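Engineer: A single structure is presented below for examination.
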Amino acid sequence: MEQFEMTNTSDTIAAISTPAGTGGIAVIRVSGNDAIEIVNKAWKGKPLTEAVSHSAHLGNYIATDGSTLDQAVATIFRAPASFTGENIVEISLHGSRWIQREVLADLIRRGARTAMPGEFTQRAFLNGKLDLAQAEGVADLIASSSRAAHNLAISQTRGNFSRELNTLRDRLVEFASLLELELDFSEEDVEFADRTNLLSLANQILRKIDRLAASYSSGAAIKDGVPVVIAGIPNAGKSSLLNLLVGDDKAIVSDIPGTTRDSIEDTLEIDGILYRFIDTAGLRATSDTIENLGIDRARAKMRDAVIVIWIIDPTSPLPSQTAELNAFRAANPDKPIITLLNKSDLTPTDTSVSPVSPVSSVSPVSPVSPVSPVSPDTTDTTDTPDTVNTVNTVNPVNTVNTVNPPESNNTPDILPFSTKTGQGLDELRQRLTRLTYGDIDPQNELIVTNSRHYEALTHGSDSLRRAIDAIQNGVTADFIAQDIRETLHHLGTITGAITPDTLLHNIFSHFCIGK
């Protein structure tokens, strides 16, 4: 493994490991060959140099001028049984900012130096306590803000992802060594690596690599929080849906169209996944300059969202609603959309309900399905054989019957919904979870969350595809071996088996100080 020294790793480092600010307790971590001796110089209590590993000791921290800075607890971890693989002392102090600053400054005067961002984890990596993917998992664990993100980070820090990659690499190395042997005996025209077996193995590994790479879109969304845009025409119930989801009057609800002119956001955890719901301006043609700015922002948010919730208002004319939806789906064919038919709580006798105009020639790519009336009295029988996805004139009723549209881009049937009664809310939550994971089983499959890992997997996949093509076309061993070596290289960069110095610097410099 290539070694990298961001800083001198033979000295002793110290840093405040708890978040900045005042708290009940603060922890200062000291790591290095001289860590125990340096802290012991300031310790009034049982000599720390005599302490066994994984033991905690109450005492007083005494400054170089003889003053008592604090009563503290020193926890000893002796090498190599520590996070960094070095001697570590963790000093638990009262959380005063002044105490933290004074103790850290005193440690520096006694021979330690201030740790760089991520330097403790860097030392753990360099000392073989964890590989690079596990180290990045530590950073993700610290940053995790939901149960699902936490579970993915824990899995990575435990080495589950690394073990899968190492298994793939080991199987490839086996065949690569046979190909290299062929090159050594090239003049004798000997074939050590059976091409049929090699082709079968390469295809198996390619499927696993591609499966891991395909999980990245879900993993990245779970790690960072899934942005979900709520869209539709004015007064469709977008703000009411946001308020219903988060259980608070986050957005202003009004009968006046165009009330929401800018995006309003709030977060909610569903099935352990953090979702960021974004209420947007109602989409319509308007001469209002400010409202148009809000509409432009709404469309931009829709493009950037991971999932779009499209709300249909059955009490308003449908042509403009379906036209806008069709246009968006045509421009974003892979965007998951959940379509809600709102106001399902209204009844045919509700005098406030205006009739709906018939819609014809709706684009076939629209997820909007025909809405069937409950009784003949509510039906506009105007229809033509050439009409595609026709939505008939209908007054809202308690039961909305829909013809299931073809599933496309992970978009299920239209969901009857009521922001007033909460009808359909549980199903909406379930659909959000299903769309987030896609066809991935989070209980039994690894999920990639790191963009660097995704890039390495895609490069490894490309190299392995070239190797497969070479095998199928009877190309000589030297070209096949080169492509397999490239695949091994790309997979190795994930765990740090092959890691350029500049990459290590970039990874660890993004950690917090004290970790």
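The values are calculated or read from the model by the stated rules, or taken from the named source; none is laboratory data. Being a predicted model, the structure only gives us computed values, none of them experimental. Cβ: placed from backbone, ideal geometry, glycine included. Neighbour counts: every protein chain shown.
Engineer: Looking only at the stretch 69-107, count how many residues are exposed (fewer than 13 other Cβ atoms within 10 Å of the Cβ) and in contact (Cβ under 8 Å) with a residue 12 or more places away in the chain.
Structural biologist: Looking only at that region, the number is 1.
Engineer: Taking the stretch 108-124 on its own, how many of its residues are surrounded by 23 or more Cβ atoms within 10 Å (Cβ to Cβ) and in contact with an Asp or Glu (Cβ under 7 Å, 6 or more places away or on another chain)?
Structural biologist: Counting residues in the stretch 108-124 that are surrounded by 23 or more Cβ atoms within 10 Å (Cβ to Cβ) and in contact with an Asp or Glu (Cβ under 7 Å, 6 or more places away or on another chain) gives 1.
Engineer: Shifting gears a bit: Is the stretch 447-455 home to any residue that is part of a loop (DSSP other than H, G, I, E, B), over 25 Å from Asn166 (Cβ atoms) and in contact (Cβ under 8 Å) with a residue 12 or more places away in the chain?
Structural biologist: No: zero hits.
Engineer: Further question: State all residues of the stretch 52-85 that are more than 39 Å from the chain's Cα centre (by Cα) and within 30 Å of Gln134 (Cα to Cα); if no residue qualifies, say none.
Structural biologist: Selection gives Val52 alone.
Engineer: Of all residues in the stretch 456-475, how many are part of a loop (DSSP other than H, G, I, E, B) and of a type outside the set (S, T, N, Q)?
Structural biologist: Looking only at that region, the number is 2.
Engineer: For the stretch 207-236, which residues satisfy the criterion of being assigned to a helix (DSSP H, G or I) and either within 14 Å of Ile307 (Cβ to Cβ) or of a type in the set (Asp, Glu) (or both)?
Structural biologist: Asp210, Ser217, Ser218, Ala220, Ala221, Ile222, Asp224
This table checks each residue for (1) hydrophobic (A, V, I, L, M, F, W, C); (2) under 21 Å from Ile16 (Cβ atoms).
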site: Lys41; (1), (2): no, yes
site: Ser67; (1), (2): no, yes
site: Val73; (1), (2): yes, yes
site: Ser82; (1), (2): no, yes
site: Ile91; (1), (2): yes, yes
site: Met116; (1), (2): yes, yes
site: Phe125; (1), (2): yes, no
site: Gln134; (1), (2): no, no
site: Val138; (1), (2): yes, yes
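Engineer: Looking at the stretch 1-110, what strands (runs of 3 or more DSSP E) fall wholly within it and have at least 2 residues that are farther than 30 Å from Thr495 by Cβ?
Structural biologist: Counting at least 2 such residues, we get 23-31, 55-62, 68-77, 88-95.
Engineer: Please enumerate the residues belonging to the stretch 16-36 that are among the small types (Gly, Ala, Ser) and either under 20 Å from Pro80 (Cα atoms) or surrounded by fewer than 13 Cβ atoms within 10 Å (Cβ to Cβ) (or both).
Structural biologist: Ala20, Gly21, Gly24, Ser31, Gly32, Ala35
Engineer: Just to be sure before I move on: is Ala481 at pLDDT 95 or above and buried (at least 21 other Cβ atoms within 10 Å of the Cβ) in the structure I sent?
Structural biologist: no
Engineer: Could we say that Thr449 is at pLDDT 85 or above and of a type in the set (Ser, Thr, Tyr) here?
Structural biologist: Yes: the conditions hold for Thr449.
Engineer: What's the number of the condition Thr121 fails, among (1) within 22 Å of Ile36 (Cβ to Cβ); (2) of a type outside the set (A, V, I, L, M, F, W, C); (3) in contact with a strand residue (DSSP E or B) (Cβ under 7 Å, 6 or more places away or on another chain)?
Structural biologist: (3)
Engineer: Return a yes/no flag: does the stretch 245-261 have any residue that is at pLDDT below 95 and part of a helix (DSSP H, G or I).
Structural biologist: yes
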